[in-house]
Every structure is written in C-alpha cells, then in structure tokens.
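This report refers to the structure that appears directly beneath it.
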Amino acid sequence: MIIKRIAKVILIIIAAVLALVAGLLILLTATEYHPEDVENLDINGTAKAAYSVGDPLTAMTWNIGYGALGDNADFFMDGGEMVKSADESRVQENMDGIMDLIDTVGPDMFLLQEADRDSSRSYHIDEVKMLQDKFPDYASTYGINYKTAFVPYPVPPLGKIDSGIATFTSSQPASVERIQLPIPFKWPVRCANLKRCVTETHIPLCSSKGEKIEQELVIINLHLEAYDSGEGKIAQTKMLADLLKKEQAKGNYVIAGGDFNQIFSTADKEAFPPQPGKWQPGDLDVTQFGKGWKFLMDHETASCRSLDQPLAGADLDSFQFYLIDGFIVSSNIRVERLQTLDLGFVNSDHNPVVVEFILTKSGH
C-alpha cells in the first residue's frame, strides 16, 4: 500500500512537471516575437544639424550591457555564476556613467547595443527613454533585438526581456529600417532567444556649398550572434556584406558599427590572445565584403572583457579581453582617428569605440 501511494505521488509530480513544461511551451510559442524581414522604425525627436561633405564628424559605438554588466558582474553564459548581475541602484549608476561619457565625447552619432526597454534583468527600466531624455537634440530610433515574455533558464530564470539597438544622430534621418538577420535557432529554443537585426539609418547630405546632394550617409547599427555554433555568425555576416555592397553601389557614404562578436581578419589577434576554456569570438573574413572598405578595430585597447568572473579585484594580467567592437566604412570616408576609450569596464563589459571621419568629395 505504501509503495502504491509513493508511486502515485511520483506520477502526480511527473504529470505536474510535464503540464508546467507544456504550458510554458504553449506560452512561449503563442507570444513569440515574429518581426517582418524589413520594418520601418519610428523616429523619435527632431535633430537640427546638417551633415555636409568635408565636415569632420564623430561616431561612437558602444554595447552598454543593458546597464547591468559593470565591473562587479559575471554572467552564466560566459562561464560565470550571475543571472541578475546588478541591483536596481547599480543599473541606475551604470546608466548615469554611460550617459555622462556620451555627453563628454559629444559624438555626432552614437550607436548603442543591448539597450533595455522593459526587461526583468534591468528592473524594467526604460533605458532608451533615459537616453532620449538626456539627449533631446538627437533624433533616435530603436530596433528590437531580443523580445520574449519569459526566458525560462537558468535558475533563477532570466525572465522577461525587451532589448535592442538604439541609434542617435544629431541630423534628422530621412528613414530608418529594421532589417531582420538570419536566425540560427530552431523551435522551441528560438521562442526565448534573440531575433537579431541591423538598423539602417539614411541621413540626407549637403555639398560643401550647402546644396543638397543625391548621396546619403547610411549608418548601420549591428549586434551579431554570440552564442551559436558558428553558422549564425557566418549567415549574418554574409547578409551584412550584401547590405553594405548594395549601398556602396549607389555611391552612398556607409558606416557600419557595433558589436560584431567577431574579430576582423585584418586585426591583430595576438593583441589579446585567446585563453583555453573562455568564450572566444568568431573570425570575420574581410575579403567577403569585396573591395572599397576599411575595417576598423583599435588594437591598443580591448573593446570587451570576459564575463567568466567579475573584473573588480581580478588579476588583470591573466584576464581575458577581446577585440570585437568596431566599424566598417566605405572608401569615400576618410578616417582621421580611431580610438577605443579605456574606461576600465566600470559601467559595461564593453568599452566605447570612437571614430573621427570626413565624407570626401569623391563620393558619387
């Protein structure tokens, strides 16, 4: 009799677990984010500056780690232990530091990745609105990169995520599109995973005499695959190359910046050597983009650090750092200066990369 009761209890527990799993799968499937291949994005705010050929311009790209990946943090996907890697006050502190730095640099355009709008991991703080309020003289757009009602892993789970890439420009865009990248994940993992995209911002331009010209400045903000087995990075990079070639053929000025999660084949791979057992970026073969492009990564300063352990108090001589953030620019853009700002990863697991450039008269 006791054995039967135990068996009954076990069966009830198994049935309850199966029902819970089934219910979760139904929920995730029913609420899965299904973006269109191409979507027009709303433009927030009105910028007043005009970009002209020959003017010096500055662009910044920065993965801000959703305000929760400061120097105190590690992360379970990189071999660390943390799921929620900051309390609410630390998220606010990180965002304040990030916004202060952007304000100090004062770029003409800044491209941000991992900006949360309504995520459990960042206490549902609308970081994009914080940035919009801080920089009212910029036009801004937001493209969803990760949207799911609930991420059920690990323990405790990540929960709800609404996160993406945000582009701010001091000149008003004519249009901005969200372009869906290939998704390497299958159902049901796909339901709670990223739907990575690029955003493509088109800025009208003037000649050096102030006359409107046919060519545009095309700004592509990106955050490519990180945790796939490799096929996602390859497919997404190929699509990126196709997008850039398309704009190049029109004679436009093109600048693509962001977190590639790869190191350019032209970059110095020995600047920050790979360490066994640590997450490693993919290799981006620049030859697949064809001729007429400049691939910019600053070898002097790491743009990203490993999240297998907190940085604060760690032995920096044996720490894993990376070169994965940078820019690709068309040949009609003259690069004056490239620098990764060494901020010590205090407010994010990435450092911002800044490029100063000039649109040359040869763009036609």
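Kindly indicate the residue of region 183-236 that is of a type in the set (A, V, I, L, M, F, W, C) and out of contact with any strand residue (DSSP E or B) (no Cβ under 9 Å at 6 or more places or on another chain) and also nearest to residue 120 (Cα to Cα) among those meeting that condition. Reasoning before the result, please.
First pass over region 183-236, keeping only residues of a type in the set (A, V, I, L, M, F, W, C): 183, 185, 187, 189, 191-192, 194, 197-198, 203, 205-206, 213, 217-220, 222, 224, 226, 234-235.
Narrowing further to those that are out of contact with any strand residue (DSSP E or B) (no Cβ under 9 Å at 6 or more places or on another chain): 183, 185, 187, 189, 235.
Numbers: 183: 23, 185: 23, 187: 23, 189: 19, 235: 30 Å.
The qualifying residue nearest to residue 120 (Cα to Cα) is 189.
For region 165-190, the set of residues classified as crowded, with 22+ Cβ neighbours inside 10 Å and touching a helix residue (DSSP H, G or I) at 6+ places or on another chain (Cβ under 8 Å) consists of 166, 168, 181, listed by residue number. Looking only at residues in region 200-219 that are β-branched (Val, Ile, Thr) and in contact with an Asp or Glu (Cβ under 7 Å, 6 or more places away or on another chain), the one that is surrounded by the fewest Cβ atoms within 10 Å (Cβ to Cβ) is 218. If the condition is being more than 18 Å from the chain's Cα centre (by Cα) and either closer than 24 Å to residue 147 by Cβ or among the aromatic types (Phe, Trp, Tyr) (or both), then region 94-124 contributes 120, 123, 124.
Considering 108, 71, 137, the condition of being touching a strand residue (DSSP E or B) at 6+ places or on another chain (Cβ under 9 Å), under 19 Å from residue 306 (Cα atoms) and surrounded by fewer than 24 Cβ atoms within 10 Å (Cβ to Cβ) is satisfied by 71 alone. Entry remark, region 327-348: residues being of a type in the set (Gly, Ala, Ser), over 24 Å from residue 251 (Cβ atoms) and buried (at least 20 other Cβ atoms within 10 Å of the Cβ) number 1 in total. Can you tell me which residue is nearest to residue 167 (Cα to Cα) among those in region 25-57 that are among the acidic types (Asp, Glu) and assigned to a loop (DSSP other than H, G, I, E, B)? It comes out as 42. Against the numbered list (1) over 30 Å from residue 55 (Cβ atoms); (2) surrounded by fewer than 16 Cβ atoms within 10 Å (Cβ to Cβ), residue 321 comes up short only at (2). Taken together, the residues in region 130-152 that are touching a residue at least 12 places away in the same chain (Cβ under 8 Å) and either among the hydrophobic types (A, V, I, L, M, F, W, C) or outside any strand (DSSP E or B) (or both) amount to 14.
No value in this document is a laboratory result; all are computed from the given coordinates. The structure presented is a predicted model; accordingly, all values stated were derived computationally and were not measured. Note: ideal-geometry Cβ built from the backbone for every residue, glycine included; neighbour counts use all protein chains shown.
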